[in-house]
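Peer 1: Structure below; questions to follow.
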Amino acid sequence: MAKILIFGNSGSGKSTLALHLCKTQGLAHLDLDTLAWKPTSPPERMPIDQSEEEIKTFISSNDKWVIEGCYTDLLKIVEQQSTEIIFMNLTIESCISNAKARPWERHKYKTKQAQDDNLAMLLDWIGQYTVRNDTFSYAAHKQFYDGYHGHKKMITQNVPTEQC
(Lines give C-alpha, C1' and ligand atoms only; values in the text may rest on other atoms or scores of the structure.)
Protein backbone atom coordinates (compact mmCIF):
# COMPACT_ATOMS: atom_id res chain seq x y z
CA MET A 1 0.00 0.00 0.00
CA ALA A 2 1.33 3.41 -0.96
CA LYS A 3 1.70 5.79 1.97
CA ILE A 4 3.56 8.79 0.62
CA LEU A 5 4.83 11.97 2.27
CA ILE A 6 5.55 14.95 0.00
CA PHE A 7 7.32 18.03 1.35
CA GLY A 8 9.21 21.10 0.22
CA ASN A 9 9.02 24.87 -0.02
CA SER A 10 5.74 26.61 -0.75
CA GLY A 11 5.23 26.71 -4.51
CA SER A 12 7.40 23.64 -5.13
CA GLY A 13 4.55 21.57 -6.60
CA LYS A 14 3.61 19.44 -3.59
CA SER A 15 -0.14 19.76 -4.13
CA THR A 16 0.12 19.26 -7.89
CA LEU A 17 2.08 16.04 -7.46
CA ALA A 18 -0.13 14.83 -4.61
CA LEU A 19 -3.30 15.34 -6.65
CA HIS A 20 -1.72 13.52 -9.60
CA LEU A 21 -0.86 10.55 -7.36
CA CYS A 22 -4.38 10.55 -5.94
CA LYS A 23 -5.85 10.44 -9.41
CA THR A 24 -3.50 7.80 -10.83
CA GLN A 25 -3.11 5.56 -7.76
CA GLY A 26 -6.44 6.07 -5.99
CA LEU A 27 -4.83 7.54 -2.89
CA ALA A 28 -6.57 9.56 -0.19
CA HIS A 29 -5.12 13.07 0.11
CA LEU A 30 -4.29 15.20 3.12
CA ASP A 31 -2.93 18.73 2.74
CA LEU A 32 -1.35 19.62 6.08
CA ASP A 33 -2.18 23.30 5.56
CA THR A 34 -5.80 22.40 6.32
CA LEU A 35 -5.04 21.25 9.87
CA ALA A 36 -1.87 23.09 10.86
CA TRP A 37 -3.44 26.51 11.45
CA LYS A 38 -6.18 27.95 13.59
CA PRO A 39 -8.79 29.93 11.62
CA THR A 40 -7.54 33.23 13.03
CA SER A 41 -6.16 36.46 11.65
CA PRO A 42 -3.25 36.73 11.85
CA PRO A 43 -2.69 32.99 11.40
CA GLU A 44 -1.62 31.02 14.43
CA ARG A 45 -0.40 27.40 14.48
CA MET A 46 -2.76 24.79 15.83
CA PRO A 47 -1.30 22.96 18.85
CA ILE A 48 0.73 20.01 17.55
CA ASP A 49 -1.31 17.48 19.56
CA GLN A 50 -4.55 18.66 17.89
CA SER A 51 -2.99 18.40 14.42
CA GLU A 52 -1.61 14.99 15.36
CA GLU A 53 -5.08 13.73 16.27
CA GLU A 54 -6.45 14.79 12.89
CA ILE A 55 -3.52 13.16 11.07
CA LYS A 56 -3.99 9.92 12.99
CA THR A 57 -7.71 9.94 12.21
CA PHE A 58 -6.89 10.39 8.51
CA ILE A 59 -4.36 7.54 8.34
CA SER A 60 -6.54 5.17 10.35
CA SER A 61 -9.41 5.84 7.92
CA ASN A 62 -7.38 5.23 4.74
CA ASP A 63 -5.31 2.23 3.62
CA LYS A 64 -3.34 4.18 1.04
CA TRP A 65 -2.64 7.87 1.11
CA VAL A 66 -0.51 10.85 0.28
CA ILE A 67 0.15 13.56 2.85
CA GLU A 68 1.74 16.81 1.71
CA GLY A 69 3.02 19.91 3.37
CA CYS A 70 6.03 21.85 4.54
CA TYR A 71 5.72 20.90 8.23
CA THR A 72 8.50 18.51 9.25
CA ASP A 73 7.15 18.50 12.82
CA LEU A 74 3.89 17.02 11.48
CA LEU A 75 5.53 14.74 8.90
CA LYS A 76 7.60 13.12 11.66
CA ILE A 77 4.34 11.99 13.30
CA VAL A 78 3.64 9.63 10.38
CA GLU A 79 7.18 8.97 9.17
CA GLN A 80 7.13 5.38 10.52
CA GLN A 81 3.83 4.60 8.77
CA SER A 82 4.97 5.93 5.38
CA THR A 83 6.33 3.82 2.56
CA GLU A 84 7.99 6.64 0.62
CA ILE A 85 8.94 10.30 0.85
CA ILE A 86 9.32 12.83 -1.95
CA PHE A 87 11.31 16.02 -1.36
CA MET A 88 10.25 18.76 -3.78
CA ASN A 89 13.60 20.58 -3.79
CA LEU A 90 13.09 23.22 -6.49
CA THR A 91 14.94 26.52 -6.69
CA ILE A 92 13.47 29.48 -4.87
CA GLU A 93 12.98 31.18 -8.25
CA SER A 94 10.90 28.24 -9.51
CA CYS A 95 8.81 28.23 -6.34
CA ILE A 96 8.15 31.96 -6.65
CA SER A 97 7.15 31.58 -10.28
CA ASN A 98 4.83 28.68 -9.42
CA ALA A 99 3.25 30.63 -6.55
CA LYS A 100 2.52 33.57 -8.83
CA ALA A 101 0.82 31.23 -11.34
CA ARG A 102 -1.09 29.23 -8.71
CA PRO A 103 -4.82 28.81 -9.33
CA TRP A 104 -7.28 29.60 -6.56
CA GLU A 105 -6.87 27.12 -3.71
CA ARG A 106 -10.49 26.90 -2.58
CA HIS A 107 -9.66 24.65 0.36
CA LYS A 108 -7.32 27.33 1.80
CA TYR A 109 -8.90 30.68 0.85
CA LYS A 110 -12.48 31.87 0.87
CA THR A 111 -11.95 33.85 -2.35
CA LYS A 112 -9.33 34.21 -5.08
CA GLN A 113 -8.92 37.81 -3.90
CA ALA A 114 -8.06 36.63 -0.38
CA GLN A 115 -5.40 34.37 -1.89
CA ASP A 116 -4.04 37.20 -4.04
CA ASP A 117 -3.98 39.53 -1.01
CA ASN A 118 -1.66 37.04 0.71
CA LEU A 119 0.71 36.70 -2.27
CA ALA A 120 3.31 39.33 -1.30
CA MET A 121 3.73 37.75 2.15
CA LEU A 122 3.94 34.29 0.59
CA LEU A 123 6.60 35.32 -1.93
CA ASP A 124 8.69 36.86 0.85
CA TRP A 125 8.30 33.69 2.92
CA ILE A 126 9.31 31.48 -0.05
CA GLY A 127 12.40 33.63 -0.56
CA GLN A 128 13.54 33.00 3.02
CA TYR A 129 13.44 29.18 2.66
CA THR A 130 17.20 28.62 2.76
CA VAL A 131 17.91 31.12 5.56
CA ARG A 132 15.11 30.21 7.98
CA ASN A 133 15.78 27.66 10.68
CA ASP A 134 12.30 26.36 11.47
CA THR A 135 10.13 23.32 10.72
CA PHE A 136 9.32 24.80 7.27
CA SER A 137 12.93 25.45 6.22
CA TYR A 138 15.27 23.86 3.72
CA ALA A 139 17.49 22.77 6.63
CA ALA A 140 14.60 20.91 8.32
CA HIS A 141 13.48 19.33 5.03
CA LYS A 142 17.01 18.20 4.13
CA GLN A 143 17.51 16.72 7.60
CA PHE A 144 14.19 14.86 7.34
CA TYR A 145 15.13 13.56 3.88
CA ASP A 146 18.63 12.51 4.90
CA GLY A 147 17.37 10.73 8.03
CA TYR A 148 14.63 8.75 6.29
CA HIS A 149 15.49 5.06 5.93
CA GLY A 150 12.82 3.99 3.44
CA HIS A 151 12.28 4.68 -0.26
CA LYS A 152 12.91 8.33 -1.04
CA LYS A 153 13.07 10.61 -4.04
CA MET A 154 14.19 14.21 -4.54
CA ILE A 155 12.64 16.25 -7.36
CA THR A 156 14.61 19.33 -8.39
CA GLN A 157 12.56 20.73 -11.24
CA ASN A 158 8.92 21.35 -12.08
CA VAL A 159 6.95 18.25 -12.96
CA PRO A 160 5.39 18.97 -16.39
CA THR A 161 1.66 19.68 -16.05
CA GLU A 162 0.77 17.03 -18.63
CA GLN A 163 2.32 14.41 -16.30
CA CYS A 164 0.01 15.55 -13.51
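The values are calculated or read from the model by the stated rules, or taken from the named source; none is laboratory data. Since we're looking at a predicted model, the values are computed, not measured. Neighbour counts run over all protein chains shown; Cβ positions are idealised from the backbone, glycine included. To get the accessible areas, we keep the full protein, side chains included, count just its heavy atoms, and leave off ligands, DNA and RNA. Shrake-Rupley method; radii C 1.70, N 1.55, O 1.52, S 1.80 Å.
Peer 1: Can you list residues from other chains, or at least 5 along the same chain, whose modelled amide H is less than 5 Å from the amide H of W37?
Peer 2: Correct list: M46.
Peer 1: Can you give me the C-alpha center-to-center distance between the stretch 1-75 and the stretch 105-124, rounded to a whole angstrom?
Peer 2: Using only Cα atoms to place each centre, the spacing works out to 18 Å.
Peer 1: Please list, in order along the stretch 96-102, the HN-Hα scalar couplings obtained from phi with the Karplus expression 6.51 cos²θ - 1.76 cosθ + 1.60 (θ = phi - 60°), rounded to whole Hz, x for Gly and Pro.
Peer 2: 5, 4, 4, 5, 5, 8, 5
Peer 1: Going from most exposed to least, what order do E105, E44, E52 have by accessible area with a 1.4 Å probe?
Peer 2: Highest to lowest solvent-accessible surface, that is E44, E52, E105.
Peer 1: Y71's amide H: which non-local residues (gap 5+, or another chain) put their own amide H closer than 5 Å, with H modeled 1.01 Å from N in plane and none for Pro or chain starts?
Peer 2: none
Peer 1: Enumerate lysine pairs in the stretch 9-164 that are 8 or more residues apart or on different chains, then count those whose Cα atoms are under 16 Å apart.
Peer 2: 17
Peer 1: So, one more: For K3, enumerate residues with amide H under 5 Å from its amide H, sequence gap 5+ or separate chain, H modeled in the peptide plane.
Peer 2: HN-HN under 5 Å from K3: W65, T83, E84.
Peer 1: To the nearest 500 deg cm²/dmol, what mean residue ellipticity at 222 nm is calculated for the chain from DSSP H runs of n ≥ 4 alone, each contributing -39,500 (n - 2.57), summed and divided by the residues?
Peer 2: -12000 deg cm²/dmol
Peer 1: Provide M154, M1 ordered by accessible surface of protein heavy atoms (probe 1.4 Å), highest first.
Peer 2: From most exposed to least exposed: M1, M154.
Peer 1: Here is a follow-up. Using each residue's phi in the stretch 104-112, evaluate 6.51 cos²θ - 1.76 cosθ + 1.60 at θ = phi - 60° and report the 3J(HN,Hα) Karplus result to the nearest Hz, with x for Gly and Pro.
Peer 2: Whole-Hz 3J(HN,Hα) from phi for the stretch 104-112: 4, 9, 4, 6, 10, 10, 5, 9, 4.
Peer 1: Which percent of the accessible heavy-atom area of the stretch 10-82 goes to carbon and sulfur, probe 1.4 angstrom?
Peer 2: Result for the stretch 10-82: 50 percent of the exposed heavy-atom area is carbon or sulfur.
Peer 1: Would you work out the charge dipole size for the stretch 47-164 about its Cα centre, treating the Cβ of every Lys and Arg as +1 and the Cβ of every Asp and Glu as -1, and quote it to the nearest 20 debye?
Peer 2: Rounded to the nearest 20 debye, it is 280 debye.
Peer 1: Here's something else I'd like to know. Ignoring ligands, DNA and RNA, what accessible area per residue does the chain give at 1.4 Å, in Å²?
Peer 2: It amounts to 54 Å² per residue over the chain.
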